[in-house]
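Step one of this worksheet: look at the structure below.
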Amino acid sequence: MKKCDDEKMTTVTTAVFGSQEMLKSAPSEKIPQHPTTPEIAYQMVKDETYAQTQPRLNMATFVTTYMDEYATKLMNDAIAINYIDETEYPRVAVMCARCINIIANLWNSPEKTKWKTGALGIGSSEACMLGGVAAWQRWKKRRTEQGKPCDKPNFVISSGYQVVWEKFAQLWQIEMRTVPLTKEKLSMTPEDALAKCDENTICIVPIMGVTWTGLNEDVEALDAALEEYNKKTGYDIPIHVDAASGGFILPFLEPEKKWDFRLKWVLSISTSGHKYGLVYPGLGWVVWKDKKYLPDTMSFSVNYLGAEIAQVGLNFSRPAAQILGQYYQFIRLGYEGYKAIHSSSLEIAKYLHSEIGKMHPFSNYSAQVHNPLFIWEMKSEYAQKSKWTLYDLQDKLKQNGWMVPAYTMPANIEDTVVMRIVVRQGFSRDMADQLLTDIAGAVTELEKLQYPTPSRIAADNKVKVKGTVFTHTGKGK
Ligand SMILES: *Cc1c(COP(=O)(O)O)cnc(C)c1O
């Protein structure tokens, strides 16, 4: 290969920081002409990540930031395995089917077959899509059989939906009908949901662990109301539960609570293995109540060693490591282990909730903490005389390495700014105390301000100039 005259040859003996590469900007347009040593390439890529939040101090994410060494080793060992190569790696497919069985049973599946009906996804997003598509296809088949038009499908969900449902609506052209959250109604009521339904409703989607608030919706009440409604109208509207967080919390912390397949109209449930399933990203799961609710058009069967594995998914190739991670966690932790970890997270979340609720500038959005996450806002009397907002607090906390997001609530209550903390495995009481100290310290600093911050000025102007919505990069979704 011809070398440019001004280029020094990089050799194995070149010191990383004595190399030409360290004097040049990192490539962002074209692939570099020449190779470099792995040490230099490693250093350059690694250094790109320096300024980022430490994952464990990221209180914004729901996604696993801690797994033990054995889990990490298993996953690293499997990093080269493509899940879809079932013929080459049949045990991975079996492990996946076992995970689906275990999850289906945690959700009280009534299915009696050896292998329960479900699928894995890259996250809840893929799992939600699959649940939604199945509901749409079932609805379409029934309508076609009845000789009725199928061109105007819709689904009903709270305005506290996660962005995946907006994608689902757009990509499949299915109308999304939202039930607005209000200051009085912190989650979707059955009456409000049913008021949005008609013959074209493919499903209602209650959320267990609403991303915006951490609250659960009352699926049992919805199911009862739906039973009446379907009887009266002759419709067959089912429920898909988006249990991205709750799917791995409720079976351990509130096993008596009925939100799952014990309810008649719940035909599918999705969750994120990489949230409270305690696996590094990306892993999601969807389970159907019975094989008959998964349209044939969506699945194909693979028969291996007597195991009938239904393959369903939007992706084809995908990493297998997460399945090993999930199966390891089931074996390593067992029911009691998951319960202990999630109880600790919930207890720490409740502790933070109560301590933050006692701080004079703040009030909690809800008195309840059902999942290990909660949101709070600035008291309106305090906001009126303060020189700062929660966005300023977010910035202050960032200086201590914490990522605690401030964001505005969804449509209807979009001028309410809140702050959220998600507690996960890997966050201890000691860390909670450090965070509380840093919040109290930040408040003390902010209260010394002589002049209002730009975000305070913008918020105050918004109140004065009616109709202008003050927005900021929200982390709500
Ligand atoms: C996180 C979340 C999703 C999307 O899940 P991913 O696993 O990130 O794809 C969907 N719904 C709800 C309620 C969520 O909290």
For the range 442-466, name all the residues that are part of a helix (DSSP H, G or I), out of contact with any Pro (no Cβ under 9 Å at 6 or more places or on another chain) and free of Cβ contacts under 8 Å to residues at least 12 places away in the same chain.
444, 454, 457, 461, 463, 464
For residue 65, indicate whether it is in contact (Cβ under 8 Å) with a residue 40 or more places away in the chain, in a loop (DSSP other than H, G, I, E, B) and not assigned by TED's automatic domain parsing to the domain that holds residue 269.
yes
Tell me whether the range 87-97 contains one or more residues that are at pLDDT 95 or above, outside the structural domain of residue 421 (by TED's automatic domain parsing) and part of a loop (DSSP other than H, G, I, E, B).
no
Pairs under 6 Å by beta carbon, first residue under 19 Å from residue 321 (Cα atoms) and assigned by TED's automatic domain parsing to the domain that holds residue 326 in the range 113-124, partner more than 15 Å from the ligand (Cβ to nearest atom) and in a loop (DSSP other than H, G, I, E, B), six or more apart or different chains?
119/312
Name the residues in the range 385-407 that are closer than 26 Å to residue 347 by Cα and crowded, with 21+ Cβ neighbours inside 10 Å, would you?
390, 393, 394, 397, 402, 404, 405, 406, 407
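Answer with yes or no whether residue 406 is modelled with pLDDT of 95 or more and farther than 23 Å from residue 246 by Cβ.
Details: modelled with pLDDT of 95 or more: yes; farther than 23 Å from residue 246 by Cβ: yes.
It is true that residue 406 is modelled with pLDDT of 95 or more and farther than 23 Å from residue 246 by Cβ.
Any idea how many residues of the range 308-359 are aromatic (Phe, Trp, Tyr) and loosely packed, with under 15 Cβ neighbours inside 10 Å? Full working, then the answer.
Within the range 308-359, the first condition is being aromatic (Phe, Trp, Tyr), and the residues that meet it are 316, 327-328, 330, 335, 338, 351.
Narrowing the set further to residues that are loosely packed, with under 15 Cβ neighbours inside 10 Å leaves 316, 335.
Qualifying residue count, the range 308-359: 2.
Kindly establish whether residue 50 is surrounded by fewer than 11 Cβ atoms within 10 Å (Cβ to Cβ) and either at pLDDT 90 or above or of a type in the set (Lys, Arg) (or both). Spell out the reasoning first.
Numbers: surrounded by fewer than 11 Cβ atoms within 10 Å (Cβ to Cβ): yes; either at pLDDT 90 or above or of a type in the set (Lys, Arg) (or both): no.
Here the answer is no, as residue 50 does not meet what is asked.
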Scan the range 257-273 and give yes if some residue there is within 16 Å of the ligand (Cβ to nearest atom), touching a Ser or Thr at 6+ places or on another chain (Cβ under 7 Å) and farther than 18 Å from residue 373 by Cβ, otherwise no.
yes
Here the residues within the range 286-307 that are at pLDDT 90 or above and surrounded by 15 or more Cβ atoms within 10 Å (Cβ to Cβ) are 286, 287, 288, 289, 290, 291, 293, 294, 295, 298
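Every residue, every condition in (1) part of a strand (DSSP E or B); (2) more than 29 Å from residue 78 (Cα to Cα); (3) assigned by TED's automatic domain parsing to the domain that holds residue 83; (4) hydroxyl-bearing (Ser, Thr, Tyr), yes or no:
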position	(1), (2), (3), (4)
338	no, no, no, yes
352	no, yes, no, no
357	no, yes, no, no
376	yes, yes, no, no
382	no, yes, no, yes
388	no, yes, no, no
394	no, yes, no, no
410	no, yes, no, no
Which one is farthest from the chain's Cα centre (by Cα), of the residues in the range 176-207 that are outside any loop (DSSP other than H, G, I, E, B) and farther than 21 Å from residue 412 by Cα?
201
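So in the range 125-175, with the set limited to residues that are acidic (Asp, Glu) and free of Cβ contacts under 8 Å to residues at least 40 places away in the same chain, which one is farthest from the ligand (Cβ to nearest atom)? Spell out how you get there, then give the answer.
At the first step, the residues of the range 125-175 found to be acidic (Asp, Glu) are 126, 145, 151, 166, 175.
If we keep only those that are free of Cβ contacts under 8 Å to residues at least 40 places away in the same chain as well, we get 145, 151, 166, 175.
On the way: 145: 32, 151: 27, 166: 11, 175: 19 Å.
Selected residue: 145.
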Filter the range 191-215 for residues that are buried (at least 22 other Cβ atoms within 10 Å of the Cβ) and over 30 Å from residue 59 (Cβ atoms); which is farthest from the ligand (Cβ to nearest atom)?
201
Residues in the range 216-251 that are part of a loop (DSSP other than H, G, I, E, B) and either touching an Asp or Glu at 6+ places or on another chain (Cβ under 7 Å) or within 11 Å of the ligand (Cβ to nearest atom) (or both) total 5
Among the residues of the range 231-257, write down those that are more than 20 Å from the chain's Cα centre (by Cα) and crowded, with 17+ Cβ neighbours inside 10 Å.
235, 237, 238, 257
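The values are calculated or read from the model by the stated rules, or taken from the named source; none is laboratory data. Keep in mind the model is a prediction, meaning the values are calculated, not measured. All Cβ positions, even for glycine, are placed from backbone atoms using ideal geometry, and neighbour counts span all protein chains on display.
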